[in-house]
Amino acid sequence: MSLSVDIERKLPDFLLRTKFDTENENFGILGASGSGKSMTLRCIAGLDKPTKGRIVLHERVLFDSEQGINIPAKDRKIGYLFQNYALFPHMTVKENIEFGIRQLSSYEREKRIKDKLEMIQLGNLSKRYPYELSGGQQQRVALARAMVTEPVALLLDEPFSALDNFLRRHMERELIEVLESYSGVTLFVTHNLEEAYRVCERLMIMDNGQVIADDHKGVIFRKPPTHTVAKLTGCKNISAIELQQQLENKEQNIEQNIEANYTVAVAMNWGNIQLKIQQLPGSYKYIGIRAFHIKVADDLSGDNCFEAGVIKTEEGPHHMTVYLQIGYGTGKHHLQMEIYKEKWKRWQNKKSLYIQLKPEHLFLTK
């Protein structure tokens with residue numbers, strides 16, 4: 001199954017421009033609130049009409065502004081799981097699931113409903129109403145209703161946002177299991193980057209109505225293409241830089257395909273420190289490192305090792321957030337480090353640390 005989207009939609013605050021192709025994968029759409037994620041889904045589902053463009057689902061044209069094609073939502077073979085679930089309060093669990101297949105024969109309806117109730121493990125609650133269900137149970141009913149029509153594409157609009165953290169992770173695991181046996185296209189909208197990483201193989205990042213990145217999740221997190229993408233994917237440490245001299249072994253290492261430390265960058269917002277990196281130089285303006293990639297070192301002998309003062313710490317359930325200042329005198333932190341609490345016990349009483357920003361964990365971006 002494949003989905004091709006190339007649309008524009010004029011909105012009061014910005015112009016939505018979405019273009020991507022996906023096939024038989026869990027495709028994540030990540031972005032801040034108001035970036036155009038949900039509107040993209042609504043246009044694909046036929047709930048909103050793009051200003052212009054084209055949408056093709058498994059070789060079937062759903063929308064084409066030039067040809068005047070706009071297939072009604074009910075005929076698009078698309079399942080949609082809304083953020084607030086949108087269950088009909090006056091209908092039972094069974095009736096909610098049945099709503100989209102009332103045109104089928106009685107035998108086929110009963111068969112599909114039974115299958116989906118087994119899938120969501122709520123067969124014993126089929127006669128209950130939404131107000132009698134927990135948030136997680138309502139979400140499962142909404143998922144069953146979206147899938148009972150046997151859709152070619154499944155659109156999930158922040159499906160876990162109304163759940164508490166424990167239930168969120170539980171439902172996330174259940175959804176991943178369901179999607180493993182689903183052969184259609186899945187679009188998963190979220191602003192939770194960890195959630196997107198666990199559920200999806202590929203990510204598209206949106207900002208202010210525009211697609212600013214589209215790649216495998218590992219590539220986007222390892223080497224975000226822009227400063228904005230780095231921030232949207234949770235990077236807490238980004239500095240303006242000035243690229244300096246090339247080291248002598250650059251050409252030799254390129255020929256031998258060796259990842260070597262061949263460029264020096266000066267990170268101006270991190271106390272004007274010099275850094276060896278493993279990324280080819282270019283028209284980059286920023287350097288970044290994720291908080292959990294900053295390591296405490298035993299001494300200053302390794303590449304990119306510095307002494308840093310501990311400005312303050314914040315305790316989380318499993319991690320400590322440590323705010324560090326390279327050098328002394330400014331009173332402001334330069335870097336934010338995440339470290340497991342058990343590991344932090346070794347250094348928790350120290351006012352300064354040796355830290356290392358390993359070259360393989362630094363990335364350059366525009």
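The values are calculated or read from the model by the stated rules, or taken from the named source; none is laboratory data. Treat the numbers as computed from the prediction; the structure is a model and nothing was measured. Backbone-built Cβ (ideal geometry, glycine too); neighbour counts: all protein chains shown.
Does K49 qualify as being within 19 Å of the chain's Cα centre (by Cα) and modelled with pLDDT of 95 or more?
Details: within 19 Å of the chain's Cα centre (by Cα): no; modelled with pLDDT of 95 or more: yes.
Spelling it out, it is not the case that K49 is within 19 Å of the chain's Cα centre (by Cα) and modelled with pLDDT of 95 or more.
When the range 271-295 is examined, which residues are found to be part of a loop (DSSP other than H, G, I, E, B) and in contact (Cβ under 8 Å) with a residue 40 or more places away in the chain? Don't jump to the end; show me each part of the working.
From the range 271-295, those part of a loop (DSSP other than H, G, I, E, B) are 271-272, 278-285, 290, 294; that's our starting set.
Passing the criteria: G271, Q278, Q279, P281, G282, S283, Y284, K285, R290, I294.
Under the condition of being in a helix (DSSP H, G or I) and small (G, A, S), which residue from the range 201-235 is nearest to L362 (Cα to Cα)? Talk me through it step by step, then tell me what you get.
Within the range 201-235, the first condition is being in a helix (DSSP H, G or I), and the residues that meet it are 217-222, 227-232.
Those still in the list that are small (G, A, S) too: 218, 230.
Working: G218: 14, A230: 12 Å.
The extreme case among them is A230.
Looking at the range 130-157 only, could you name the residues that are charged (D, E, K, R), farther than 14 Å from P89 by Cα and surrounded by fewer than 24 Cβ atoms within 10 Å (Cβ to Cβ)?
E150, D157
Identify, from the list S106, S126, the residue that is among the small types (G, A, S) and either farther than 19 Å from L87 by Cα or loosely packed, with under 13 Cβ neighbours inside 10 Å (or both).
Details: S126 fails: either farther than 19 Å from L87 by Cα or loosely packed, with under 13 Cβ neighbours inside 10 Å (or both).
None of the other options fit; the residue is S106.
Please verify whether S2 is under 21 Å from E172 (Cα atoms) and either surrounded by fewer than 17 Cβ atoms within 10 Å (Cβ to Cβ) or without any contact (Cβ under 8 Å) to a residue 24 or more places away in the chain (or both), treating the condition exactly as stated.
Numbers: under 21 Å from E172 (Cα atoms): no; either surrounded by fewer than 17 Cβ atoms within 10 Å (Cβ to Cβ) or without any contact (Cβ under 8 Å) to a residue 24 or more places away in the chain (or both): yes.
Against the criterion (under 21 Å from E172 (Cα atoms) and either surrounded by fewer than 17 Cβ atoms within 10 Å (Cβ to Cβ) or without any contact (Cβ under 8 Å) to a residue 24 or more places away in the chain (or both)), S2 does not qualify.
Scan the range 114-148 residue by residue and report those that are of a type in the set (S, T, N, Q) and under 13 Å from N96 (Cβ atoms). Quick ask: steps written out before the conclusion?
Going residue by residue through the range 114-148, those that are of a type in the set (S, T, N, Q) are 121, 124, 126, 134, 137-139.
The answer is S126, Q137, Q138, Q139.
Restricting attention to the range 169-214, report how many residues are at positive phi and either crowded, with 19+ Cβ neighbours inside 10 Å or in contact with a Lys or Arg (Cβ under 9 Å, 6 or more places away or on another chain) (or both). Reasoning before the result, please.
The initial filter retains those residues of the range 169-214 that are at positive phi, namely 208-209.
Those left that are additionally either crowded, with 19+ Cβ neighbours inside 10 Å or in contact with a Lys or Arg (Cβ under 9 Å, 6 or more places away or on another chain) (or both): 209.
Result for the range 169-214: 1.
Please note which strands (runs of 3 or more DSSP E) are completely contained in the range 52-99 and include at least 2 residues that are surrounded by fewer than 18 Cβ atoms within 10 Å (Cβ to Cβ), in the same structural domain as D6 (by TED's automatic domain parsing) and not small (G, A, S). Give the steps one after another, and end with the answer.
Details: elements: 52-57, 60-64, 78-81.
By residue number, 52-57, 60-64.
Restricting to the range 215-225, name every residue that is surrounded by 17 or more Cβ atoms within 10 Å (Cβ to Cβ) and of a type outside the set (A, V, I, L, M, F, W, C). Let's see the steps before the verdict.
Taking the range 215-225 and keeping what is surrounded by 17 or more Cβ atoms within 10 Å (Cβ to Cβ), we get 215, 217, 220-221, 224-225.
Residues satisfying the conditions are D215, K217, P224, P225.
State the number of residues belonging to the range 112-123 that are crowded, with 19+ Cβ neighbours inside 10 Å and not in a loop (DSSP other than H, G, I, E, B).
Restricting attention to the range 112-123, the residues satisfying the condition of being crowded, with 19+ Cβ neighbours inside 10 Å are 112-113, 116-117, 120, 122.
Now restrict to residues that are not in a loop (DSSP other than H, G, I, E, B): 112-113, 116-117, 120.
Final tally of qualifying residues: 5.
Identify, please: which residue in the range 315-326 is in contact with a Phe, Trp or Tyr (Cβ under 8 Å, 6 or more places away or on another chain) and part of a strand (DSSP E or B) and is, among those, surrounded by the fewest Cβ atoms within 10 Å (Cβ to Cβ)?
So in the range 315-326, the residues in contact with a Phe, Trp or Tyr (Cβ under 8 Å, 6 or more places away or on another chain) come out as 318-320, 322, 326.
The next check asks that each one be part of a strand (DSSP E or B); those that pass are 319-320, 322, 326.
Numbers: H319: 17, M320: 19, V322: 25, I326: 19.
Among residues in the range 315-326 that are in contact with a Phe, Trp or Tyr (Cβ under 8 Å, 6 or more places away or on another chain) and part of a strand (DSSP E or B), the one surrounded by the fewest Cβ atoms within 10 Å (Cβ to Cβ) is H319.
Within the range 151-191, count every residue that is outside any helix (DSSP H, G or I) and touching a residue at least 40 places away in the same chain (Cβ under 8 Å).
Here is the first cut: in the range 151-191, the residues outside any helix (DSSP H, G or I) are 151-164, 181-191.
Okay, now just the ones that are also touching a residue at least 40 places away in the same chain (Cβ under 8 Å), so 151-159, 161-162, 183-191.
Qualifying residue count for the region: 20.
In this structure, does I339 turn out to be closer than 14 Å to E314 by Cα and either crowded, with 18+ Cβ neighbours inside 10 Å or not assigned by TED's automatic domain parsing to the domain that holds N272 (or both)?
Numbers: closer than 14 Å to E314 by Cα: yes; either crowded, with 18+ Cβ neighbours inside 10 Å or not assigned by TED's automatic domain parsing to the domain that holds N272 (or both): yes.
Against the criterion (closer than 14 Å to E314 by Cα and either crowded, with 18+ Cβ neighbours inside 10 Å or not assigned by TED's automatic domain parsing to the domain that holds N272 (or both)), I339 qualifies.
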